[in-house]
Amino acid sequence: MVGTHRLSLQWIDRGDLARAGPVEIGTRGDILVVDGSETLGEQGLDTHGHITSATADGFGFEGAITMRLGSVAGAAPCTRCGTIHFRARARRQ
């Protein structure tokens, strides 16, 4: 998991993941730290936190995720903090 990966907010359509924003996963001691963002105009996604668990089809994340969408509340930031579980489904990575 350590390294640079692609981060994409599903409402920001760039056509492919090659142009998505970067997310860095690094280590701080034995903790996997996550820091990444994607921006397109006034829309964007920022994430900062750490991975709490990992399985073959997903992972647990603890931290903050902030989204800004031009079509929602005038692109005002919407932040969710806490523990969030992500799971890959179908063909999504």
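A few notes on this one:
- Placing a pseudo-label 7 Å from each Cα along the Cα-to-Cβ vector at Asp35 and Phe86 gives an inter-label distance of 1.7 nm.
- Think of each Lys and Arg Cβ as +1 and each Asp and Glu Cβ as -1; about the Cα centre, that makes the dipole of the chain roughly 280 debye.
- Between Ala76 and Thr52, the simple spin-label model (points 7 angstrom out along Cα→Cβ) gives 2.8 nm.
- Sparse packing (at most 15 other Cβ atoms within 10 Å of the Cβ) combined with a DSSP loop state is found for the following GluC sites (Glu not before Pro) in segment 1-59: Glu42.
- Highest-fluctuation residue, Gly21, Gly41, Gly60 considered, GNM on the chain with Cα pairs under 10 Å: Gly41
- HN-Hα J in Hz across segment 33-49 - Karplus 6.51, -1.76, 1.60, θ = phi - 60°, x for Gly and Pro: 8, 10, 8, x, 7, 9, 9, 9, x, 8, 9, x, 8, 10, 9, 8, x
- The trypsin sites (Lys or Arg not before Pro) found in segment 14-93 that occupy coil by DSSP, while having at most 15 further C-beta atoms within 10 Å, are Arg14, Arg89, Arg91, Arg92.
- Note that the chain shows a convex hull volume over its alpha carbon atoms of 103 Å³ per residue.
Values quoted throughout were computed directly from the atomic coordinates according to the rules given, and no laboratory measurement underlies them. Since we're looking at a predicted model, the values are computed, not measured. Here Cβ is always computed from backbone atoms with ideal geometry, including for glycine, and neighbour counts include all displayed protein chains.
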